[in-house]
Structures are given as C-alpha cells and as structure tokens.
Amino acid sequence: MTAVESTEAESSAQSSPLTVPPFSVISGAQVQDALRGRENQIMELVEATYRVHGAGDSVNPPSYFLLFPDRPTSRIIALPASIGGQVRVDGLKWISSFPGNVAAGIPRASAVLILNDHDTGYPFAVLESSIISATRTAASAALAADWLSRGRQRPTRVGFFGVGLIARYIHTFLAGTGWSFDEIGVHDLSADSAAGYRDYLQRADPAARVTVHDNAEALIRSSDLVVFATVAGQPHVSELSWFDHNPLVLHVSLRDLAPEIVLASTNIVDDVEHCLKADTSPHLAEQRTGNRDFLAGTLDDVMAGRVDLPTDRPVVFSPFGLGVLDLAVGKYVYDEVQRSGELHTIDDFFHDLRRHG
Ligand SMILES: NC(=O)c1ccc[n+]([C@@H]2O[C@H](COP(=O)([O-])OP(=O)(O)OC[C@H]3O[C@@H](n4cnc5c(N)ncnc54)[C@H](O)[C@@H]3O)[C@@H](O)[C@H]2O)c1
C-alpha cells in the first residue's frame, strides 16, 4: 500500500462508525489447521513483518518477565505489540516457560495470544499460541537461514543442538521452504530427546542420513548450519576452534554461546534493543566489551542490503523473538479461520455496553 492509499484507508476507517467486534476463541487444532503446509506463506509474512518493523511502523516495547522466587527455572513472559502495514492489529502474547513440564511428558511452553481491534481497542480474539509462537520462531529461523547463506555456499549439513519442540518446528520450516540436507546431526543432553527427534526425522524425511552425536564438538564441527534450541540459561559452548569452518549459526535459544564466540563472529539480530537484554550471549558480549561494535545489524538490514556478510568467519543469528511476529501470524490464523466459516464467537462476551444503562 502506498502512503496515500494508507492515509485514505485510515480516513475511511475513521469515518465508518465504530462498533464492538464479536469475540472469538481459536483452539490449537484450528491454529494448526490454518498453518499446516503454509511454510512459504508464513515465511513471507514474517519477512514482510520484519520490514514493517524495520521501517518503524510498529510498537514493540520490552517483554515483561514474570519470575518466581520459589520456581527459579520457570517464567511467564508478556509481549505486548502493535503492527501496522497491511496487518494493522494490536495485542499481547502471554507465554509460560516451565521446563519441568518436559519430564512429565507435557510441553515446556504454553501460551495465549490476544488480538485487539485497531480502531476500538477491543480484544476480538484469543488464540492458542504455543503453535503460533513456535511457527513464527521457525519461520524466522528459516528466513534467516535463507538470507544469511546467500553469498556463501548453501549449507548441506545441518546440526540441531537441543532437540525439543522448537527444533522440530525449525526442521519442518527448513524442509517446507526448500532446504534439503545430505546429513542431519543431532545433539541433546537428554538421550530420550535425541531419540525422539531422530524418530521424528525418520518419519518426516525417511531418506535423511541422521547421526546422533553424544558430544557438542562433533555436532558443531560436522555442521555448516547449526541450530541452537536448548534451554540453557548460561553459555556452555566456548571453544572457538569448533567454529573454524565458519558455519552459519541460528542461535534461537540465545544463551548457549560464550562471548568469545560472539565476538569472533558476524552477528545479526532481529532487534538490537530487545536482543541486548536478559543475559543473552550478545548481551554478555556487550557487558564484556562495553560496546555494541560486534553487531553487524538486523535481519532487516541484511534483507535491505545494508550489511555485508564476510565468509571468513561464523555468522550468528540471535533472534530475541518479537511480539509483532506473533501478531502477524495470529492475525493470519484469525483470517483463515474466519474465511473457512469456523470462527467460534462467544455470544454476549462484551456486555453492558450502554454507558448509562
Ligand atoms: N528466540 C525466540 O524467538 C524463541 C522462541 C521460542 C522458543 N525459544 C527458545 O527455544 C528453546 C527451545 O524451546 P523448546 O520448546 O524446544 O524446549 P524443549 O524443552 O522442548 O527442548 C529443549 C531441549 O534442549 C535440551 N538441552 C537443554 N540444555 C542443553 C544443553 N546444554 N545441550 C544440549 N541440549 C540441551 C533439553 O534436553 C531439551 O531436549 C528455549 O530456550 C526457548 O526459550 C526461542
């Protein structure tokens, strides 16, 4: 949309009478139906959202971390955001991370997403959002893998370091957006996780050559594309020589790499202010050096051609995970469910709407 069209759209939206929107609840099953097999569309949507965010047509304040003194490994994070462009919606993701769940056989993360109407502010939908969150994270990782490997040899050996739900979604997105690999490496501290992921890979890609590595060094040295999706709270990979082959690293779990690895790499983030917080590896590198000179730019800078990516050092993508991506994917799901006629609206959710009764 041009600036003139956008102004016209805005004034026509303003001139139509404001009404209270219906309120809907969208289940995880509906979310999955709306997203399944749409990897290319969702990756394009995430790319467009990064561009809108990069152009400043968004509000994405810092996430709020609710931490518990009695449950130090758990947290619930609030990500409020507003996105303009064609999506034009406000909202909030409220996502829990309880790593202890995994031992009980239920996922670590659970979440809801609230979408708010741009014109009235009314919340008009609540969506199950662990799938939306995993999907936008995986789409962002696949987008970064694509852009950051242009100009270097496209990786043919991928290594997954930490293999839970996010690693599964990232593999699905890489495969769904055209990647195929000669070799797939797997490493996890938990033998059960590694075995479960290998089973998933054998179902998803029966022809793949899968190797489970029981040590981190072997995984990294044998991979041109390394995907970190652990739940490590502090760096556990610090040996620079493991990266001598200058791999592309998708550092999705953000806290695996020691500052010396970060400082020896070309660093791309999704958003500088977001990423340099909460003791992420780039944040530790900033604390170590007292500056941000080690950052090459954002993925939006890369897509706009504002950053060069030398091939003689590792490239590390550290995405903090932006609320605007959840909104864009959530609104896509809402539109799909509405189009299919399957929207479950809650009658009379908003009630007592006459100011004076
Ligand atoms: N950056 C983002 O936008 C974003 C979005 C969503 C999730 N995440 C992150 O992705 C990570 C993975 O999430 P998940 O839902 O897949 O978690 P999960 O609990 O399902 O899986 C994590 C796996 O990592 C393994 N692991 C933990 N520490 C390890 C280590 N030091 N070495 C090797 N393996 C290790 C665990 O055994 C487990 O199998 C989390 O850290 C989460 O915060 C990031």
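The values are calculated or read from the model by the stated rules, or taken from the named source; none is laboratory data. Note that the structure is predicted; figures quoted are calculated from it, not measured. Every residue, glycine as well, gets a Cβ built from its backbone with ideal geometry; the counts of neighbours run over all protein chains shown. Just the protein is used for accessible areas: all its heavy atoms, side chains included, with ligands, DNA and RNA removed. Shrake-Rupley method; radii C 1.70, N 1.55, O 1.52, S 1.80 Å.
Could you tell me the relative contact order of the chain? Use alpha-carbon pairs under 8 Å, at least six residues apart, and round to a whole percent.
Relative contact order of the chain: 19 percent.
Across region 183-226, the fraction of Cα-Cα pairs farther apart than 13 Å, rounded to a whole number, is 50%. Entry comment: accessible area of region 165-285 is 40 Å² per residue, from protein heavy atoms only and a probe of 1.4 Å.
Of all DSSP-defined beta bridges confined to region 73-228, some 65% are antiparallel rather than parallel. Projected over every direction and averaged, the convex hull enclosing the alpha-carbon atoms of region 230-315 yields 5.4 nm². Phi-derived couplings, Karplus 6.51 cos²θ - 1.76 cosθ + 1.60 at θ = phi - 60°, listed residue by residue for region 277-291: 8, 6, 6, 5, 4, x, 5, 5, 5, 5, 5, 5, 9, x, 8 Hz, with x used for Gly and Pro. Evaluated with a Cβ-only charge set (Lys, Arg +1; Asp, Glu -1), the chain carries a dipole of roughly 400 debye about its Cα centre, given to the nearest 20. Extents of the chain, taken as max minus min of Cα coordinates on every principal axis and listed largest first, are 70, 44, 44 Å. Taking every Cα-Cα distance in region 99-185 and sorting them into 10 Å bins from zero, the calculated P(r) comes out as 15, 36, 27, 18, 5, 0 percent.
Per residue, region 31-117 exposes an accessible area of 52 Å² to a 1.4 Å probe, with every protein chain left in place.
The H on the amide N of V269, modeled in the peptide plane, is under 5 Å from the matching H of G297, T298, L299, S318, each at least 5 residues off or on a different chain. Evaluated over the Cα positions of region 46-136, the convex hull gives a direction-averaged projected area, one quarter of its surface, of 7.0 nm².
Set against the 2.2 N^0.38 Å expectation for a compact globular protein, region 151-260 has a Cα radius of gyration ratio of 0.99. I166 contributes about 40 Å² of solvent-accessible surface, heavy atoms of the protein only, 1.4 Å probe.
The spread of Cα positions in region 11-163, taken along each principal axis and listed from longest to shortest, comes to 55, 48, 31 Å. If the chain linking D244 and D33 were pulled fully straight, counting 0.36 nm for each residue of separation and taking away their Cα-Cα distance, it would gain 71.7 nm. With no solvent and one equal point scatterer per Cα, compute the Debye intensity ratio I(q)/I(0) for region 162-212 at 0.12, 0.19, 0.27 Å⁻¹ and report its log10, rounded to two decimals. Calculated log10 I(q)/I(0) at the listed q: -0.22, -0.56, -1.14.
For region 156-310, the fraction of 1.4 Å probe accessible surface lying on carbon and sulfur atoms is 46 percent.
May I ask you to give the percent of accessible area on region 49-93 that is carbon plus sulfur, with a probe radius of 1.4 Å?
Carbon and sulfur atoms account for 61 percent of the accessible area of region 49-93.
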